Amino acid sequence: MNPRIEKLREELDQAIHRRDALNEKIDRLQKKITELENTDIIGIVREKGLSVEQLMEMMEILKKNPAAPVPKRFNKTEENDEE
């Protein structure tokens, strides 16, 4: 067999191995980013004191009109805390 073919096959195998390792790393990094984003979102929701229903309602409002101002009932204030 032609020695150049064997050398190219070895090089191909190495490149495939590197590609697979990079794909695994990409998947891990994407999962970590998603986890951190989710943690941030949960923190914001808790900081605002929103219930699940209020969050869903707010998302529907913003889905219909992304530029819509956030209704005052969703802003956490000392008055809202006392109610």
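Where a number appears in this text, it was derived from the coordinates with a stated rule and is not lab data. Just so it is clear, the model here is predicted, and its values are computed rather than measured. Heads up, the Cβs are rebuilt from the backbone with ideal geometry, glycines too, and the neighbour counts pull from every protein chain shown.
Just to be sure I understand, if you calculate P(r) over Cα pairs in 5 Å bins from 0, in percent for this structure, which of [x] 3, 11, 12, 13, 11, 8, 7, 6, 6, 5, 5, 5, 4, 3, 2, 1, 0; [y] 3, 11, 11, 17, 19, 15, 10, 6, 4, 2, 1, 0; [z] 3, 14, 28, 24, 15, 9, 5, 2, 0 do you get?
[x]
Residue separation times 0.36 nm, minus the C-alpha to C-alpha distance between Glu47 and Glu6: what's the value?
Gain on stretching Glu47 to Glu6: 8.6 nm.
Please name which of Ile42, Phe74, Asn2 has its Cα lying farthest along the dipole of the chain towards the positive end, using unit charges on Cβ (Lys, Arg +1; Asp, Glu -1) and the Cα centre as origin.
My answer, from the dipole projection, is Asn2.
Between Lys31 and Arg19, what length in nm is gained on full extension when 0.36 nm per residue of separation is reduced by their alpha carbon distance?
2.5 nm
What number, rounded to the nearest 500 deg cm²/dmol, is the helix-based mean residue ellipticity at 222 nm of the chain, given -39500 (n - 2.57) per DSSP H run of at least four residues and division by all its residues?
-27000 deg cm²/dmol
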